[in-house]
Each structure stands twice: as C-alpha cells, then as structure tokens.
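Quick notes on the structure that follows.
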Amino acid sequence: MEKQVMASSEERTFQYQDSLPSLPVPPLEESLSKYLDSVKPFLNQEEYKRTEDIVKKFENGIGKELHQKLLERAKTRRNWLEDWWLNVAYLDLRISTQIYCNMGGAAPFIEHYWPPKEGTQIERACLDIWYNLKLWELLRIEKMPVERAGNAVLDMNQFRMLFCTCRIPGVNRDSIGSYFKTETEGECPTHLIVLCRGRVFSFDTIHEGNMMTPPEIFRQLAYIQKICHSEPDGPGVAALTSSERTVWAKLREYLIDLDPKNLAFLEKIQKSLFVVSLDDASPHATPEDYTEVTKLGLTGDPTIRWGDKSYNAIVFSNGTFSLLSDHSALDGMALISMFNYVEKKMLESEAKWKGSDKVRDLPWPEELVFTVDQKVLSGIRHAKELYYNKVSDLQLVNYAFTSFGKALIKKKELHPDTFVQLALQLAYYKNHGRPGCCYETAMTRRFYHGRTDTMRPCTVEAVNWCKSMLDPSDSNYQRLQLMHKAFAKHNKMRKECENGKGFDRHLLGLQIIAQEQGLPVPELYLDKAFTASGGGGNFVLSTSLTGYYRFNGCALPMVHHGYGFFYNIRDNRILAVCSSWNSCPETDAEVLCRTVFQCFQDMLQLTVAAHL
C-alpha cells in the first residue's frame, strides 16, 4: 500500500493522456441490433416490421459503405467523434445557447457553513474565488489527482477547459478559445473578470509572483461593489451573449469595428480565468429546496453573466452561490469535480480564512468600458427582451427527496442510478400514459478525449415493468421479477456505453459521413421510428446523474414538449432538478418531480412486499 501512495503522489494530472486508448467504432451489426431494440416501445407491430426492413436494407447497403468510411476515419484519429460532436452538438447551433444549452446549478454551501444571510456576498465570494484559484494552481502544476473508474484511468482533458476558456460566436459556426497552459507548457492568463450592475471589471490574481489572499480579493471586490452601488448601471454588454449566435456574432464584429479597444476587452474576457457575477438577487434556499438558486443561476440577469464562458461563478447578495457554464468545451462532471474540491477545502477550513489579514498595495481593478453606440444599445435592449421572454416560460423545481438515498438502495442490492431512471420511467408513464423516450448521459472518458454517449433507459423491459406496476391484477412477485429484468438491462447498457459500445454516436457518425459525401439522407434517419425513439435530438426526457456528491447541476429540456431531469444521489437523500416549459400544456415539472418521488417509495415498498 505504501508504495502505491508514493506512486500516486508523483502522478501528474495529464500524464496518461498519450496512452489512453482511441475511441472505438463498434461493429455495425451490433449497433443496428441495439437500435432496433430501442425503438420497440414506440411502434406497433406493423411499424416495427417496416423499421426492421429499413434497418436490414441499411445494414446490407449504404450503411455498410458509410461504416467502412468511418473505420477509415478512425484509423487516423484517436477520437473519430471529437470534432464532429463539438460542431453538431454545440458550435453549429444558431439558437441562444446560453438558454438552451448551458449548464447551471446551485452550490451546497447553505447546508453547512453558509446559510443565506444578507451582507455576506463579497466576504464569502473572496473565499470561494480563492479555493477556485487553488484548484487552478493544482492544474497548472499537474497536481490534481487523475480520476479513475475502478482501475481505468479517465481522460482529464476537460479540466483544461474549466479555466481561461470561452466560446466565440461565428456567423455560421462558433469556435472555442482555450488559453489554459500548464507550467511546463508556458504562460497562462491570471486575471479574473467581475460583472456587476451591467459593468465589467478585471484584476490580476497574481501580484509580484504570489497569488492574492482572500482579504486581498475582498479589497478588490469591495472596490468594485462600492463603485457600482454609487454610480449608474453600465450598458450590460454581457447580455449580447444570450442572443442567437449569428446575431451575437454580427454585433460582436460591429463592436470590434467601432473601436479596436473593444476587441482588446473581448479578448480579455475570453482569456480570463473565469467570470465572477455579483448578483443583486436574493434567492430563497433551503437544503430541501434549491429551486430559486438553481433557476436564477441559469436564467437570472443576463447583463452580469457572460454566457459563453466555461465558468461563471454567481454570488447572490444573500451569500448563496450558483454557476452558469457554456457546455461546448466540457461536460458537467468537470464542474462537479471542481465544486467537490472547493467544498472539501471549505469544510476543512470551516469556511474561514486562517491566514494573514495583511493586504499588499495592489493595483485597483480596471474597468473595461466598451465603446457603444445606439445600434449596440438597441442590440442589448433587444437581447434582454428576448431573453426574459424566453426564460419566463421556464418551469423549474429543485427538490430533495429525504426518505432514503444510496445507502438503502445499495442495501437492497440495486444500482442507485438505475433506481432513479426506472422511477422516472414509471412516473412519466403514470402521468402521460405512454413510454417516454429518454436520453441518459453515459461517460466515455476511458478513451482519449472521450466525452459522452447516449443510454436509452426507455427499454422494452422498463415498459413491461411500468405496465405491470399499473395493472392491478399483477402480483408483487411478478412486478419484482420484471423490475429486476429492467435493472439488469439498464446496467448492461451502462457498461456497454462506458466501454465504447453505445450506438447513438455511431449512428450520428454514419449520418455525418453521408452528409459530408453529399449523399441523400439514408432512409433510416427519415423513418418515424428514428424520431419517435429520440434520435436527432428528439428525446422527451433529457437526463443525467450528476454524481454521488452534494453538488447538483442541470440543463434545460431538449424539446418543447419534454423535460430536463438531473439528479444527484447521496447516502440518505436524492436531489432532483426537473424542468419543463410553461407554454406546453401537457408537461409540468413540479408534478413529474413529485410523481418520481412517489415512485421511489413504491419501488422500495415493492422490494419489501414481494418478500412477505
């Protein structure tokens, strides 16, 4: 054991990047057979027969050729999917990505040292910022521990995207600017951006070679706060990041043409470590109900959120915390690891600064005063109007289920994640009277630059169990048998996806090759079954486990008549964020969330009752 500890203490964060396996391409036959299995719950016999014929034709015809071309591509790339996924899932989108794609979430600090309390905003912010900077420092010297799943080393590339990273709008396609470097790679930006009341400030976190302490950061934030609270609000240029991408790209070009200084400011924001948003709102928050903090983090004042930044730390006036993150460069797990680190440090220090209160003679923060004209101001006005119009349609709840959690579920020898997913399937079936096609994120970080694949939890086995639960003539014994079958199927899917044997990204790859070759869209993708089962981004339930820690994050529904359902599972409770759109009459996030919680109880009861 001693030896192992020694080895791991010398391990560098990014040392295994070059030895990670390449992302595999699964056999075509396997992917298509899994796909066929996944469409069954949504088709009658006749429709299924038709889809089966379409799939057979694809497999023996055009699909075979496309698969060969995909194998060719995979020979010369360690990750055949990476660029494609980035473009198709994120950079090509023209909608407002800040609203429809960004991730957000509430920090759990209210559960221990920092309950909501007016007047604590910057006193708490400076400590939180400092912990974040300590993590950045660890990444710079590659001392952040390598993450593993069992014994398998996981790709750590996304941690390079936490800091100094920003999405940059383009007229047809966006790009990502990532300026982080480790110490051995060279210089890395060291300044922060602070947004407050429509104004933009910047200050360096390193002074004369040493990182600022919390009291020094406090001085900078207090200076910014004092100015902003005693003078008129700024123009709120940040609101432009919430616009549709082409609109923002054109206005950005216009801003740059207006004054070269504007370009320097935009680049300064892009390169900054991260953005701190000093928000005047005071959201209600309790350990059982994070609804307001989560909702405001995602959809609060757009003039103090830089929607393109990979990390906005949002601090509310009552000392509660939230975050907003552009999803293109990284997935939720990187942010969760960061929050975990910060919380661990906070608990160790009892959320107090125990070092020196001495404040050096630092340069004051610099204000980035953009040159704007009527066209820009009207663009900002318009962006805000559209933004508030869209976010006012959001229904979101973030509640804790407190009766039990991971400990009890595992005691019943059930997988906690599968437990929640099946409860969600049952709840949707109960509320809507039909199966709900569902996307659950599976992690493919065992492979070089691996990100995610899709698990489809709405299986034939899950639907059979849901029907049985709602059929009064079925016995508890039958229901339990069916539930175990549904668990086994889900657990098998998870394993396959994590090992690069999912089928959704594979089908996407084949579709993109057809497109790039200028071929007509293969029939498989035009078939009703493809869309009905969620393909092409049509999943009614968009879901993710955000881990077994305290932090819970979320994104919004994928489709207008759908839900976002994100959850974290702790030992004795389960936190869920459920969202839907008010303008869709058939969905209701509050009702679905409450029904899921009821299904947790029903499932537990079943494991007890069936043995009586």
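The values are calculated or read from the model by the stated rules, or taken from the named source; none is laboratory data. On a predicted model such as this, the values are computed, not experimentally measured, just so you know. Cβ coordinates were reconstructed from backbone atoms using ideal geometry, including for glycine residues, and neighbour counts include every protein chain displayed. Heavy atoms of the whole protein, side chains included, go into the accessibility calculation; ligands, DNA and RNA do not. Shrake-Rupley method; radii C 1.70, N 1.55, O 1.52, S 1.80 Å.
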Sole residue being closer than 22 Å to residue 593 by Cα and of a type in the set (D, E, K, R), chosen from 550, 479, 494, 505: 550
Tally, over the stretch 184-202, of residues that are open to solvent by 10 Å² or more (accessible area, probe 1.4 Å) and either of a type outside the set (A, V, I, L, M, F, W, C) or modelled with pLDDT under 95 (or both): 9
Within the stretch 432-453, considering residues that are touching a residue at least 60 places away in the same chain (Cβ under 8 Å) and part of a strand (DSSP E or B), the one farthest from the chain's Cα centre (by Cα): 438
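In the stretch 322-349, which residues are touching an Asp or Glu at 6+ places or on another chain (Cβ under 9 Å) and open to solvent by 10 Å² or more (accessible area, probe 1.4 Å)?
Listed by number, the residues that qualify are 333, 337.
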Test: residue in the stretch 393-401 that is out of contact with any Phe, Trp or Tyr (no Cβ under 6 Å at 6 or more places or on another chain) and assigned to a helix (DSSP H, G or I): no
Residue that is farthest from residue 404 (Cα to Cα), among those in the stretch 582-607 that are touching a Cys at 6+ places or on another chain (Cβ under 8 Å) and buried (at least 16 other Cβ atoms within 10 Å of the Cβ): 589
Flag if residue 244 is free of Cβ contacts under 8 Å to residues at least 60 places away in the same chain, surrounded by fewer than 24 Cβ atoms within 10 Å (Cβ to Cβ) and of a type outside the set (Val, Ile, Thr): no
The stretch 469-497, residues that are under 30 Å from residue 83 (Cβ atoms) and open to solvent by less than 40 Å² (accessible area, probe 1.4 Å): 493, 494, 497
Criterion violated by residue 369 - all others in (1) touching a Pro at 6+ places or on another chain (Cβ under 6 Å); (2) open to solvent by 30 Å² or more (accessible area, probe 1.4 Å); (3) of a type in the set (A, V, I, L, M, F, W, C) satisfied: (1)
Single condition residue 338 does not satisfy, out of (1) of a type outside the set (D, E, K, R); (2) outside the structural domain of residue 78 (by the TED database); (3) more than 26 Å from the chain's Cα centre (by Cα): (3)
Sole exception among (1) at positive phi; (2) in a helix (DSSP H, G or I) for residue 319, by number: (2)
Residue selected from the stretch 203-222 under the condition part of a loop (DSSP other than H, G, I, E, B) and in contact (Cβ under 8 Å) with a residue 12 or more places away in the chain, by the criterion surrounded by the most Cβ atoms within 10 Å (Cβ to Cβ): 212
Selection status of residue 225, open to solvent by 30 Å² or more (accessible area, probe 1.4 Å), under 21 Å from residue 309 (Cβ atoms) and assigned to a helix (DSSP H, G or I): yes
Among (1) within 18 Å of residue 167 (Cα to Cα); (2) surrounded by fewer than 21 Cβ atoms within 10 Å (Cβ to Cβ) - the single one residue 239 does not satisfy: (2)
Failed item in (1) in the same structural domain as residue 272 (by the TED database); (2) surrounded by fewer than 23 Cβ atoms within 10 Å (Cβ to Cβ); (3) closer than 26 Å to residue 295 by Cβ, with residue 169 passing the rest: (2)
Residues (more than 30 Å from residue 14 (Cα to Cα) and polar (S, T, N, Q)) located in the stretch 415-456: 418, 421, 425, 431
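Which ones in the stretch 122-142 are in a loop (DSSP other than H, G, I, E, B) and farther than 26 Å from residue 498 by Cα?
Across the stretch 122-142, the qualifying residue is only 141.
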Residue match in the stretch 410-419 (condition: open to solvent by less than 40 Å² (accessible area, probe 1.4 Å), in contact with a Gly (Cβ under 6 Å, 6 or more places away or on another chain) and modelled with pLDDT of 95 or more): no
Near pairs, Cβ below 8 angstrom, 6+ apart or cross-chain, from the stretch 388-400 (closer than 18 Å to residue 593 by Cα and at pLDDT below 95) to any residue that is open to solvent by 40 Å² or more (accessible area, probe 1.4 Å) and in a strand (DSSP E or B): none
The stretch 1-27, subset of a type in the set (Gly, Ala, Ser) and either over 30 Å from residue 513 (Cβ atoms) or outside any loop (DSSP other than H, G, I, E, B) (or both), residue modelled with the highest pLDDT: 19
Qualifying residue in the stretch 333-340 (condition: part of a strand (DSSP E or B), in contact (Cβ under 8 Å) with a residue 12 or more places away in the chain, under 21 Å from residue 212 (Cα atoms) and not hydroxyl-bearing (Ser, Thr, Tyr)): no
Selection count, the stretch 286-304, where residues are in a loop (DSSP other than H, G, I, E, B) and either touching a helix residue (DSSP H, G or I) at 6+ places or on another chain (Cβ under 6 Å) or open to solvent by 20 Å² or more (accessible area, probe 1.4 Å) (or both): 3
Residue 536, sole failed condition from (1) more than 30 Å from residue 603 (Cβ to Cβ); (2) open to solvent by less than 10 Å² (accessible area, probe 1.4 Å); (3) not aromatic (Phe, Trp, Tyr): (2)
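Whether any residue in the stretch 281-292 is within 17 Å of residue 166 (Cβ to Cβ) and touching a Leu at 6+ places or on another chain (Cβ under 7 Å) is what I want to check.
Checked against the condition, which is being within 17 Å of residue 166 (Cβ to Cβ) and touching a Leu at 6+ places or on another chain (Cβ under 7 Å), the stretch 281-292 yields no hits at all.
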